[in-house]
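Structure, as structure tokens:
The values are calculated or read from the model by the stated rules, or taken from the named source; none is laboratory data. The structure displayed is predicted, hence computed values, not measured ones. All Cβ positions, glycine included, derive from the backbone under ideal geometry; neighbour counts span all protein chains shown.
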């Protein structure tokens with residue numbers, strides 16, 4: 001009787017079902033255990049908005065001693081910072097995360113200088129910094145300040161019509177300043193007219209699109225600074241003579257660059273690349289996606305950068321200077337020497353055909369161990385202005401150049417991207433068309449289809 005019961009069809013089905021249920025439960029239990037123990041996620045957003053950036057990973061990988069992130073908030077609100085803190089913790093075993101309720105442990109909050117809930121401190125060794133906010137920019141910025149300190153100063157030269165770091169207009173460079181602040185650089189404006197020498201506090205100087213010629217004492221100060229181990233970013237526009245204002249030739253400064261193996265041509269680069277048109281650019285914005293192997297641009301292979309009103313360069317290394325190319329324009333670009341008229345003849349046989357070099361980086365051998373001079377020369381300045389620095393890789397290029405100049409190569413990377421604005425902008429006619437189709441045409445098609453089916457079946 002028992003053997004017949006075991007052979008019964010219902011018994012077999014029950015055994016199979018029980019086995020399947022147990023197997024499924026075992027898989028679910030194991031999967032949950034592994035998911036809790038080894039938390040992994042995949043960021044499907046186009047700009048990896050919910051993943052830590054390459055820069056943060058490089059900083060954490062380079063830690064020589066443990067780092068502790070302490071999050072201060074009410075116990076019931078710890079979850080507000082948990083997601084991003086878990087991402088930091090998952091990067092390395094050297095990152096420790098602590099949660100502190102300032103109500104329950106007020107002395108710890110007071111000792112850390114915490115005044116507001118939802119704030120974090122980052123400690124590396126004996127040095128502690130308060131994060132500006134609970135974002136990757138705030139936390140990684142505090143981590144960089146722990147490691148690097150605040151002793152690096154980038155000095156922007158003024159006095160000859162350069163872009164200003166304290167101006168928030170389209171031509172200003174306040175956003176460039178903000179990017180440098182994030183990497184824990186101090187920034188200041190200096191003039192070489194009065195002293196004719198670069199202050200000792202300047203870790204690097206920036207010559208940012210002067211419209212008037214530098215006087216010889218200023219040029220001599222720049223030359224002496226770099227040739228004695230200083231660092232300089234030179235962004236020089238073509239000497240245009242169009243409209244009410246013109247741009248000076250700055251021959252004295254160009255002569256210094258030429259002695260370093262870099263010749264800035266007096267031309268204007270125009271780019272007929274159709275990709276630029278997709279971004280809404282005209283021909284006077286050179287679009288770049290061809291980079292060299294120099295550390296500034298080594299990680300930018302899949303990134304576009306744009307350079308409005310640019311001039312081309314040529315370069316060669318000398319006995320004291322080693323020069324490397326940073327980037328070229330596309331084959332569809334050309335350069336014209338007609339700088340006094342907005343009308344350009346594309347078919348002019350005198351035009352120089354692309355690809356054209358727009359940026360180079362060089363090192364100057366001072367003869368002293370560990371004190372080489374460095375410079376970056378780019379034939380455009382507007383690419384780093386407020387109106388353009390947010391375009392694709394322009395911000396990365398600007399900060400990477402400063403990182404390399406100041407010997408902070410470990411900071412060179414592709415930084416977190418701002419959320420993309422993917423709103424669809426439509427005219428009134430297009431909006432009315434969408435409304436008509438969605439509210440009337442599509443419902444009528446469904447109704448008509450239903451009537452047709454009913455009629456056929458009737």
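Values as computed for the structure displayed
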| read-out | value |
| --- | --- |
| Residue within region 299-312 that is out of contact with any strand residue (DSSP E or B) (no Cβ under 8 Å at 6 or more places or on another chain), over 22 Å from residue 278 (Cβ atoms) and touching a residue at least 12 places away in the same chain (Cβ under 8 Å) present | yes |
| Filtered residues of region 261-280 (kept if on the phi < 0 side of the Ramachandran plot and surrounded by fewer than 20 Cβ atoms within 10 Å (Cβ to Cβ)) | 263, 265, 266, 272, 274, 275, 277, 278, 279 |
| Hits in region 93-129 (condition: over 21 Å from residue 79 (Cα atoms) and surrounded by fewer than 17 Cβ atoms within 10 Å (Cβ to Cβ)) | 93, 94, 107, 110, 111, 113, 125, 126, 127 |
| Pairs where the first residue, in region 342-357, is exposed (fewer than 14 other Cβ atoms within 10 Å of the Cβ) and the second is at pLDDT 90 or above and outside any loop (DSSP other than H, G, I, E, B), C-beta under 7 Å, 6+ apart | 348/336; 353/334 |
| Residue count for region 286-308, restricted to those that are outside any strand (DSSP E or B), touching a helix residue (DSSP H, G or I) at 6+ places or on another chain (Cβ under 6 Å) and crowded, with 17+ Cβ neighbours inside 10 Å | 1 |
| Residue identified as touching a strand residue (DSSP E or B) at 6+ places or on another chain (Cβ under 7 Å), assigned to a loop (DSSP other than H, G, I, E, B), surrounded by fewer than 22 Cβ atoms within 10 Å (Cβ to Cβ) and in the same structural domain as residue 321 (by TED's automatic domain parsing) among 243, 283 | 283 |
| Unique match (being out of contact with any helix residue (DSSP H, G or I) (no Cβ under 6 Å at 6 or more places or on another chain), surrounded by 20 or more Cβ atoms within 10 Å (Cβ to Cβ) and more than 30 Å from residue 129 (Cα to Cα)) among 198, 193, 219, 226 | 226 |
| Strands (runs of 3 or more DSSP E) lying entirely in region 111-201 (those with 2 or more residues that are under 18 Å from the mean Cα position of the chain (by Cα)) | none |
| Residue that is modelled with pLDDT of 70 or more and within 30 Å of residue 393 (Cβ to Cβ), where the choices are 438, 428, 413, 407 | 407 |
| Filter pass, residue 375 being within 18 Å of residue 205 (Cβ to Cβ), surrounded by 15 or more Cβ atoms within 10 Å (Cβ to Cβ) and more than 18 Å from the chain's Cα centre (by Cα) | yes |
| Hits in region 81-110 (condition: assigned to a helix (DSSP H, G or I) and within 35 Å of the chain's Cα centre (by Cα)) | 81, 82, 83, 84, 85, 86, 87, 88, 89, 90, 91, 109 |
| Among (1) surrounded by fewer than 20 Cβ atoms within 10 Å (Cβ to Cβ); (2) under 24 Å from residue 135 (Cβ atoms); (3) modelled with pLDDT of 70 or more - the single one residue 420 does not satisfy | (3) |
| For residue 109: the one exception among (1) closer than 30 Å to residue 199 by Cα; (2) without any contact (Cβ under 8 Å) to a residue 60 or more places away in the chain | (1) |
| Candidate set from region 315-342 (those that are closer than 25 Å to residue 247 by Cα and part of a strand (DSSP E or B)); member that is farthest from the chain's Cα centre (by Cα) | 336 |
| Test: residue in region 239-259 that is in contact (Cβ under 8 Å) with a residue 60 or more places away in the chain and closer than 13 Å to residue 156 by Cα | no |
| Within region 42-80, considering residues that are part of a helix (DSSP H, G or I) and at pLDDT below 90, the one surrounded by the most Cβ atoms within 10 Å (Cβ to Cβ) | 55 |
| Which numbered condition residue 380 fails, given (1) surrounded by fewer than 22 Cβ atoms within 10 Å (Cβ to Cβ); (2) under 19 Å from residue 232 (Cα atoms); (3) at pLDDT 90 or above | (1) |
| All positions within region 146-174 that are more than 23 Å from residue 230 (Cβ to Cβ) and buried (at least 20 other Cβ atoms within 10 Å of the Cβ) | 146, 147 |
